[in-house]
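Chemist: My questions will all concern the structure given below.
The values are calculated or read from the model by the stated rules, or taken from the named source; none is laboratory data. This structure is a prediction, so every number in the text was calculated from the model and none was measured. Counting neighbours? That spans all protein chains shown, and the Cβs are built from the backbone with ideal geometry, glycine included.
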Amino acid sequence: MNRENWLTGTAFAVALAMLPASAAWCHEGHVHGGPAQQGPGASMAALQGKVVKISDTNLLDKDGHRVRLLSDVVSDKVVVVSFIYTSCTDVCPMVTHTLSQLQDQLGGLLESQVRLVSLTVDPARDTPAKLKAYSALYGARTGWQWLTGAASDVTEALKGFGVYSANFEQHAGVLLVGDGRSGKWTRVYETEDVQRLLARTTDLLAARAHDRLASHDSQ
């Protein structure tokens, strides 16, 4: 990337980070907001204190390609992760609609710096083909990954994110926002407010831009 493009991207990230940042999100072990902000069956207390510790689990994308969660999907991106299943009729469509709005708001940052991820909690029925058809309903573009896989591998991934539920229909209505470089993760419970979600995403981008500028100034 040349200097002009880098500065443009940095300025854009910083500008986005100046959006209202009063989101009700949960840093690990510190919850903001009330139970009404979660989906059916989700317990704030059950998620409180859960640590995000993902591994390089083998999964399948919507095209049936094998990918590794940590090195291929999260990689060095800022990622927004949702947990859905295609036969869901309440929380999942709402969350997925939010990500489709976020996709539009991100513009050129999608895939270049930010990646959206939708991981099924129902791998027995959510085949790659089903995820591909479902993703098309929301206009998913490059930079929005849809993941399934063997039940044991999906369970491992969900446990790594700290959102596993033995009854997938009672999974938490929560989004995770993280930085693949720093390993910092935040749980976001206000899943309908795309501007607040965007603010958290761009906070992480702005932190990266700040580090780059500090490094450049010190040289």
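Chemist: Going by the structure shown, is Pro128 more than 16 Å from Val81 (Cβ to Cβ), modelled with pLDDT of 95 or more, in contact with a Gly (Cβ under 7 Å, 6 or more places away or on another chain) and not β-branched (Val, Ile, Thr)? First the steps, then the outcome.
Modeler: Numbers: more than 16 Å from Val81 (Cβ to Cβ): yes; modelled with pLDDT of 95 or more: yes; in contact with a Gly (Cβ under 7 Å, 6 or more places away or on another chain): yes; not β-branched (Val, Ile, Thr): yes.
So Pro128 passes the test.
Chemist: Are any residues in the range 146-160 assigned to a helix (DSSP H, G or I), in contact with a strand residue (DSSP E or B) (Cβ under 8 Å, 6 or more places away or on another chain) and β-branched (Val, Ile, Thr), and if so, which ones? Before the answer, list the steps.
Modeler: So the first thing to find is which residues in the range 146-160 are assigned to a helix (DSSP H, G or I), and the list is 151-160.
Next cut, in contact with a strand residue (DSSP E or B) (Cβ under 8 Å, 6 or more places away or on another chain) only: 153-154, 157-158.
Answer for the range 146-160, where residues must be assigned to a helix (DSSP H, G or I), in contact with a strand residue (DSSP E or B) (Cβ under 8 Å, 6 or more places away or on another chain) and β-branched (Val, Ile, Thr): just Val154.
Chemist: Any idea which residue in the range 161-180 is surrounded by the most Cβ atoms within 10 Å (Cβ to Cβ), counting only those that are modelled with pLDDT of 90 or more, out of contact with any helix residue (DSSP H, G or I) (no Cβ under 6 Å at 6 or more places or on another chain) and part of a loop (DSSP other than H, G, I, E, B)?
Modeler: In this case the residue turns out to be Val174.
Chemist: Follow-up question, since we're still on this one. Could you check the range 119-137 and list, in sequence order, the residues that are of a type outside the set (A, V, I, L, M, F, W, C), assigned to a helix (DSSP H, G or I) and crowded, with 22+ Cβ neighbours inside 10 Å? Steps first, answer last, please.
Modeler: Step one: filter the range 119-137 for residues of a type outside the set (A, V, I, L, M, F, W, C), giving 120, 122-123, 125-128, 130, 132, 134-135.
Still in the running and assigned to a helix (DSSP H, G or I): 128, 130, 132, 134-135.
If the condition is that a residue be of a type outside the set (A, V, I, L, M, F, W, C), assigned to a helix (DSSP H, G or I) and crowded, with 22+ Cβ neighbours inside 10 Å, then Tyr134 is the only one that fits.
Chemist: Another question, if that's okay. Looking at the range 150-167, I want the residues that are over 11 Å from Thr57 (Cα atoms) and have a partner that is surrounded by fewer than 18 Cβ atoms within 10 Å (Cβ to Cβ) and modelled with pLDDT of 95 or more with Cβ atoms under 8 Å, at least 6 apart or on another chain. Which pairs are those?
Modeler: Once the first residue is over 11 Å from Thr57 (Cα atoms) and sits in the range 150-167, its partners that are surrounded by fewer than 18 Cβ atoms within 10 Å (Cβ to Cβ) and modelled with pLDDT of 95 or more give Ala151/Ala124; Tyr164/Thr155.
Chemist: Within the range 1-104, considering only strands (runs of 3 or more DSSP E) that don't extend past its boundaries, which have at least 3 residues that are at pLDDT 50 or above, surrounded by fewer than 21 Cβ atoms within 10 Å (Cβ to Cβ) and of a type outside the set (S, T, N, Q)?
Modeler: On the way: elements: 25-27, 58-61, 66-68, 78-84.
In the range 1-104, the matching strands (runs of 3 or more DSSP E) lie at 66-68.
Chemist: Which residues, taken from the range 160-203, are of a type in the set (A, V, I, L, M) and touching a Ser or Thr at 6+ places or on another chain (Cβ under 9 Å)? Before the answer, list the steps.
Modeler: First, the residues of the range 160-203 that are of a type in the set (A, V, I, L, M): 163, 166, 172, 174-177, 188, 194, 197-199.
Answer for the range 160-203, where residues must be of a type in the set (A, V, I, L, M) and touching a Ser or Thr at 6+ places or on another chain (Cβ under 9 Å): Ala172, Val174, Leu175, Leu176, Val177, Val194, Leu197, Ala199.
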